[in-house]
1. Step by step: find N for the range 134-190, compute 2.2 N^0.38 Å, then divide the Cα radius of gyration by it. What's the final number?
2. Test of understanding: express the Cα radius of gyration of the range 112-208 as a ratio to 2.2 N^0.38 Å, with N the residue count.
3. Compute the Rg/Rh shape ratio of the range 163-262: radius of gyration over Kirkwood radius, all on alpha-carbon atoms.
4. Would you pull out the residues with amide H under 5 Å of Val105's amide H, same chain only if 5 or more places away, H placed 1.01 Å from N?
5. Dividing the alpha-carbon Rg of the range 269-322 by 2.2 N^0.38 Å yields what?
6. Quick one: Debye curve from the alpha-carbon atoms of the range 185-327 only, equal weights, vacuum; give me log10 I(q)/I(0) at q = 0.09, 0.12, 0.19, 0.22 Å⁻¹ to two decimals.
7. Determine the per residue accessible area of the chain with all protein chains present and a 1.4 angstrom probe, expressed in square angstrom.
8. Based on the Kirkwood radius over alpha-carbon pairs, what is the Stokes-Einstein translational diffusion coefficient of the range 229-283 at 37 °C with 0.692 mPa s viscosity, in µm²/s?
Amino acid sequence: MAVRAELLKNIRQVEPYVPGEQPQNKVIKLNTNENPYPPAPGVERVLREMDTDRFRLYPDPAAEELTGCLAEYYGVDRDQVFVGVGSDDVLSMCFLTFFNSGKPVLFPDITYSFYKVWAGLYKIPYETPALDEQFRIVKEDYYRENGGIIFPNPNAPTAIYEELDFIEDILEHNRDSIVIVDEAYIDFAGRSALELIDRYDNLIVTQTFSKARSMAGMRIGYAISNPELIRCLNDVKYSFNSYTMNQTAIACGVEAVRDKEYFEEHVRKIIETREWAKEELHRLGFEFPDAKANFIFATHPQTDAGRLFEALKANDIYVRHWDSERIGQYLRITVGTREEMQVLFDFLTKYIKGE
């Protein structure tokens, strides 16, 4: 039965975010920037020893064990930390909380595509300054009146990282606007904008457990800022859903943060594999911006990206492709294990040679 137009006109309709494919069969999965290594051993121990009787009780709405652990890890106060169900949940709350001036929010034209979805969902006007020809953010494009600014660092899907002086310049020119730096991939890149938190009251930094901490399936994200902005986030959260973090996620998140040695070892392994992968891609004739995330955004001047994407998929190797203006000839390739990447390069070598 078709829904009548009279009903549809008052229903909120948005163009949804399209996530990467999640194939259920055994494949080389290099399409959603997941970590190829398991979480810290303490996470498995927590799951084995979990007292399931606790599941009949609501979890701590403030997730104090987790926020306290994160605060200690980053050297901030507990009231500077906000947690949510993945950084997508945290970022959505940020849009809802901070972007209400009626002025357009600014974010790059090529960036994380969920930003447009949240802006549409919450009826927030936005503008998308274009990246330059090298896919870099033009910071001067953000030196104008706005209703807030958000961008990833490193950016997605380009994997380009900007140094702290670049971030600080944008903050200085926007003292009356909230600036959100989305650092989902910062652990593979360089210095975090968290170093600037105490100097700029308009700065919010978001991070996630989904990438460097190998916990995409657990859904944990967080924001760090000054206590006043975190209080505003919590006020909105408690008006929306008090119990966003479940018991299991809180307990596992704490263990993931505590095992610093395991975390640093596996970040190092991914970076080493990434740098080797960049050499291999160059050898095969691919071109790409200097990748500082756990993925590489690559194009080949003699190979159509769409056809290569389909050929890879037909051989159970999944990467990400967007059939859109400016980036239609690029593939985003997640850095997997050394063995997974070798399978990819063996295929690419034959494909490019026409074998």
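1. Numbers: Rg = 11.2 Å, N = 57, 2.2 N^0.38 = 10.2 Å.
Cα Rg divided by the expected 2.2 N^0.38 Å: 1.09.
2. Dividing the Cα Rg of the range 112-208 by 2.2 N^0.38 Å gives 1.03.
3. 0.99
4. Tyr126, Glu127, Gly147
5. Normalised Cα radius of gyration, the range 269-322: 1.15.
6. Once normalised to I(0) and log-transformed, intensities are -0.43, -0.74, -1.22, -1.36.
7. Here the per-residue accessible area is 48 Å².
8. Translational D for this selection: 222 µm²/s.
The values are calculated or read from the model by the stated rules, or taken from the named source; none is laboratory data. If you're wondering where the values come from, they're calculated on a predicted model, not measured in any experiment. Cβ: placed from backbone, ideal geometry, glycine included. Neighbour counts: every protein chain shown. Heavy atoms of the whole protein, side chains included, go into the accessibility calculation; ligands, DNA and RNA do not. Shrake-Rupley method; radii C 1.70, N 1.55, O 1.52, S 1.80 Å.
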